[in-house]
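Take a look at the structure set out below.
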Amino acid sequence: MSQNKTVEGSQINPPRLALTLGDPAGIGPEVILKALAEPAIRQKYDVTVVGSRDLLLGVYQRINTIDLAHPDELQVLDVPLHGVNKDNIILGQGNAASGAASFAYMEYAIASTLSGNFDAIVTGPVAKSAWKLAGYNYPGQTELLAAKAGVDRFGMLFVARSPHTAWTLRTLLATTHIPLSQVAHTLTPKLLTEKLDLLVKCLEEDFGLKTGRIAIAGLNPHSGEEGQLGTEEQEWLIPWLEQERQNRPHWQLQGPIPPDTMWVKPGLAWYGYTSVHNAADGYLALYHDQGLIPVKLMAFERAVNTSIGLPFVRTSPDHGTAFDIAGRGIADATSMKAAIELAAELVITRRT
C-alpha cells in the first residue's frame, strides 16, 4: 500500500481504508467501482477492496461503462470463500451463497483491521436475510463488528452533509433493529445514558466539538402531553434528562422534544431556509424509524451509517443491497463516496 499521498492538502500517511464488497449479488460491487472511479478518492486515500476479485471483474464486464474503475487498477484483498460455490452467486438474487460471501468479507476485514493493517472499514451493503440463510444470525453488520471487537457499548450514528448549506446532520439511534412493540420496554435511563455517553464522546473525538447542543426526542406523541398521551416522559425520561443536564454542564441538552417537531429545524438548516446555527449538533432518536425516516427523507443519497464505540472507524452507505437493480448500471454511488470520505475524515481527526 502507498504511504505518501496528499490528504486535503497535507502530506501525511493517508488513511488506510478496507472497503468490503458487501453482498456480491447486490449493488455493492457496482457502487464501489463507481466510487473508486473518482480520481480524487484514489489519490487522497489508501483504499483496499476486501472481497472476490473475480466477482468484482464480472460486474465490471457486465456493466461496462466509463464511470467504473477497472478492478485491475485497484488494490483488492482476495478473500478465500471456503465451502462457497461461486456459481450460486447470481446478481439480483440474495441467497445463502451470497450471504456466506459477504460474511466472509466482513470477518476478513475486521480481523485485518484489528491486526493493524487498516485504520477504518467501509462496509458495502449486506442482506440480513442472506446471512440467516447462510447460518449467521446477527441483526446486522454493526452487531457483528461489536462482537468481533469485543465491545458491548456501541451505537448507530447517521451522518450527512447538506449539499445546500454544508451543515452536518448527526443522528444517533437509542434502539435499532427491534420490533416497535419492544421499544418502550427496552428504553431505560441506563440505556439512554450509555447512548448519550457515546454521542458526546463521538462529537468530541471524531468531530472536534467540545461543547454544543444535543436534541433528544420524546417517545410518545407530543412527548406524552404531560401524561395524557403516554407516561414514559413523566415517569422517567424528563427526570433522567434533568440529571444529565447537571452531569454535562458543557453540553446543552434539549428535550424531550415532541418527535413530530424535532426535525423541523434540521430540515430548515439542511435546505438553507434558516441559519444552520438554529439546529443542534447532534440528535438522539429513541427508535429506528423515528430517526431514520427524517434522515432518509433529507439525505437518502448522502447519509452515512457510522458505528460508534468501536476501537476503529467504521462507515457504510445508508442504503441496502437493492437486488432489484443489481447489475443494471443505474445504482447511485453518492452514499458510498460519502462513506469513504467520512471514514477518512474521522481517521484524520482521531490522529490529531
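The values are calculated or read from the model by the stated rules, or taken from the named source; none is laboratory data. Because the structure is a prediction, the values reported are computed rather than measured. Quick reminder, even Gly has a Cβ in these numbers, built from the backbone with ideal geometry, and neighbours come from all protein chains shown. Side chains are part of the model used for accessible areas, which takes the heavy atoms of the whole protein and leaves out ligands, DNA and RNA. Shrake-Rupley method; radii C 1.70, N 1.55, O 1.52, S 1.80 Å.
Just a few scattered comments:
- Label-point separation, residue 300 to residue 117 (7 Å along Cα→Cβ), nm: 3.7 nm
- Computed from backbone phi with θ = phi - 60° and the Karplus coefficients 6.51, -1.76 and 1.60, the 3J(HN,Hα) list for the stretch 165-170 is 10, 6, 5, 9, 8, 10 Hz; x is used for glycine and proline.
- Mean separation of Cα contacts under 8 Å, 6 or more apart, over the residue count of the stretch 106-157: relative contact order %: 27 percent
- Global form of the stretch 1-142, assessed from the alpha-carbon gyration tensor, a/c cut-off 1.5: oblate
- Residue 205-residue 87 FRET efficiency (beta carbon distance; Förster radius 51 Å; 0.05 resolution): 0.65
- Site-free segments of the chain were taken between GluC sites (Glu not before Pro) in DSSP loops having at most 12 other Cβ atoms within 10 Å, sites themselves excluded; the longest one is 9-225.
- Whole-Hz Karplus values for the stretch 45-51 come out as 10, 9, 9, 10, 7, 9, x Hz, taken residue by residue from phi with 6.51 cos²θ - 1.76 cosθ + 1.60 and θ = phi - 60°; glycine and proline positions read x.
- Reach of residue 210 by Cα under 26 Å, taken over lysines that are not fewer than 8 positions away in the same chain: 190, 195, 201, 265
- Taking all Cα pairs closer than 8 Å and separated by 6 or more residues, the relative contact order of the chain comes to 23 percent.
- Karplus (6.51, -1.76, 1.60) ³J(HN,Hα), θ = phi - 60°, over the stretch 251-263, in Hz, Gly and Pro reported as x: 10, 8, 9, 9, x, x, 8, x, x, 7, 10, 4, 9
- Distant-in-sequence amide contacts of residue 286, defined by a placed amide H-H separation under 5 Å and a gap of 5 or more residues or a different chain, comprise 174, 217.
- Heavy-atom accessible surface of the stretch 153-309: percent carbon and sulfur, 1.4 Å: 53 percent
- Over all distinct Cα-Cα pairs of the chain, the Kirkwood formula returns a hydrodynamic radius of 21.0 Å.
- Amide H partners (placed H, <5 Å) of residue 127, local residues excluded: 23
- Cα-based Rg of the stretch 96-251 normalised by 2.2 N^0.38 Å, two decimals: 1.24
- In Å², nearest 10: area of residue 245 left accessible to a 1.4 Å probe: 90 Å²
- Accessible area of residue 62 in the full protein assembly, 1.4 Å probe (Å², nearest 10): 140 Å²
- A 1.4 Å probe run over the protein chains yields, for the chain, 43 Å² of accessible area per residue, whole-number rounding.
- In terms of its C-alpha gyration tensor, the stretch 242-325 has an oblate overall shape, because the principal axis ratio a/c (a ≥ b ≥ c, square roots of the eigenvalues) is not below 1.5 and a/b does not outweigh b/c.
- Placed amide H near residue 314: partners under 5 Å, 5+ positions off or other chain: 121, 307
- Taking every C-alpha pair closer than 8 Å and separated by at least 6 residues, the mean separation divided by the residue count of the stretch 153-309 gives a relative contact order of 38 percent.
- The stretch 54-105: C-alpha gyration tensor shape, a/c 1.5 cut-off, then a/b vs b/c: oblate
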